[in-house]
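Heads up, the thing below is written out as structure tokens.
The values are calculated or read from the model by the stated rules, or taken from the named source; none is laboratory data. Quantities reported herein were computed from a predicted structural model and do not represent experimental measurements. Cβ atoms come from the backbone with ideal geometry, glycine included; neighbour counts cover every protein chain shown.
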Amino acid sequence: MDIKPLSEAALEAEYLIIVEALKKTKFSKRKAAEILQIDRKTLYNRLDEYYKMIARKQELAGKESIPGTY
């Protein structure tokens, strides 16, 4: 088992919870934010942070980034 930085592990855990909320609401970001009790802008920011982390990891591994992300 690889040990990750705590910030990365927390971000991944948040992402999984956000995805579950999005699935439950048929991908309505407004409703998902309500369920999670966060502002919709915060939801967008958390998703953006996660996508940037993935892009950095792929860049370090020499892979292309995910389409539609940074």
So LEU43, is it surrounded by fewer than 12 Cβ atoms within 10 Å (Cβ to Cβ), under 14 Å from the mean Cα position of the chain (by Cα) and at pLDDT 90 or above: no
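Which one of TYR51, TYR15 is surrounded by 14 or more Cβ atoms within 10 Å (Cβ to Cβ) and touching a helix residue (DSSP H, G or I) at 6+ places or on another chain (Cβ under 6 Å)?
Numbers: TYR51 fails: touching a helix residue (DSSP H, G or I) at 6+ places or on another chain (Cβ under 6 Å).
Residue meeting the stated conditions: TYR15.
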Checklist (1) at pLDDT 95 or above; (2) assigned to a loop (DSSP other than H, G, I, E, B) applied to LEU22, failing item: (2)
